[in-house]
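Asker: Got a structure here, written out as structure tokens. Questions coming.
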């Protein structure tokens with residue numbers, strides 16, 4: 001690809017992102033991230049989720065502990081009806097701590113047909129579904145979080161706004 005084409009593509013993406021950020025009304029925002037998150041970071045994610053939902057946005061996430069659990073707590077506090085949680089597998093495959101929280105979620109999507117897959121495989125498929133449903137992705141990851149980083153690349157390929165925060 002030539003330098004001019006690359007520059008033109010970057011300008012197009014920038015203009016699309018600028019238009020999306022300035023778009024009035026609510027957005028469908030996905031929050032995904034690592035399970036291994038310090039409690040202080042979880043609190044920040046929870047507050048951000050709370051504020052996004054109070055701002056009129058719909059939140060989409062998955063059901064894992066850490067980042068996703070914090071996003072769920074914040075959204076549930078603001079308006080449970082504005083939260084959708086998509087699980088990579090069935091609810092029964094979730095840990096007991098997660099299950100208690102997930103049983104309170106109004107819009108819960110399970111995928112029992114993926115129970116035979118490894119969690120990594122099911123999560124990758126689930127993340128693709130989440131990205132397909134959102135306009136913007138906010139992701140919290142480590143530099144070696146391969147599944148999450150691939151999800152960010154997939155979202156960029158679909159011309160979604162991607163905000164990636166690294167823990168390391």
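Asker: Find how much the distance from residue 156 to residue 129 grows on full extension, using 0.36 nm per residue of separation minus their present alpha carbon separation; answer in nm with one decimal. Let's see the in-between values first.
Answerer: Numbers: separation 27, 0.36 × 27 = 9.72 nm, distance 1.42 nm.
Length difference between fully extended and current span is 8.3 nm.
Asker: Hey, fewest Cβ within 10 Å first, where do 29, 106 land in order? Walk me through the numbers on the way to the answer.
Answerer: Values: 29 24, 106 12.
So the ranking, lowest neighbour count to highest, is 106, 29.
Asker: By how many degrees, 0 to 90 and rounded to 10, does the Cα axis of helix 146-157 deviate from the longest principal axis of the chain?
Answerer: Roughly 50 degrees, rounded to the nearest 10.
Asker: Expressed as an acute angle from 0 to 90° and rounded to the nearest 10, what is the orientation of the C-alpha long axis of helix 39-54 relative to the principal long axis of the chain?
Answerer: For helix 39-54, the angle is close to 70 degrees.
Asker: Extension gain residue 77-residue 104, at 0.36 nm per residue separation less the Cα-Cα distance, in nm?
Answerer: Numbers: separation 27, 0.36 × 27 = 9.72 nm, distance 1.15 nm.
Full extension of this stretch gives 8.6 nm more.
Asker: Continuing with the same structure: Using helices alone, I'd like the mean residue ellipticity at 222 nm for the chain: each DSSP H run of four-plus residues gives -39500 (n - 2.57), total over residue count, nearest 500.
Answerer: Numbers: 6 runs with 82 residues, N = 168.
Counting only the DSSP helices, I get -15500 deg cm²/dmol.
Asker: Reported to two decimal places, what Rg/Rh ratio describes region 27-166 when computed on Cα atoms with Rh from the Kirkwood expression? Each step should come with its number before you reach the end.
Answerer: Working: Rg = 13.5 Å, Rh = 14.6 Å.
On the Cα set of region 27-166, Rg over Rh gives 0.92.
Asker: To continue, here is another question. So for 53, 105, 85, 47, fewest C-beta neighbours within 10 Å to most, what's the order?
Answerer: Working: 53 24, 105 19, 85 27, 47 14.
Fewest-to-most ranking of 53, 105, 85, 47: 47, 105, 53, 85.
Rule-based calculations on the coordinates, nothing more; no lab input. All of these numbers come straight from a predicted model, not from anything done at the bench. Counting neighbours? That spans all protein chains shown, and the Cβs are built from the backbone with ideal geometry, glycine included.
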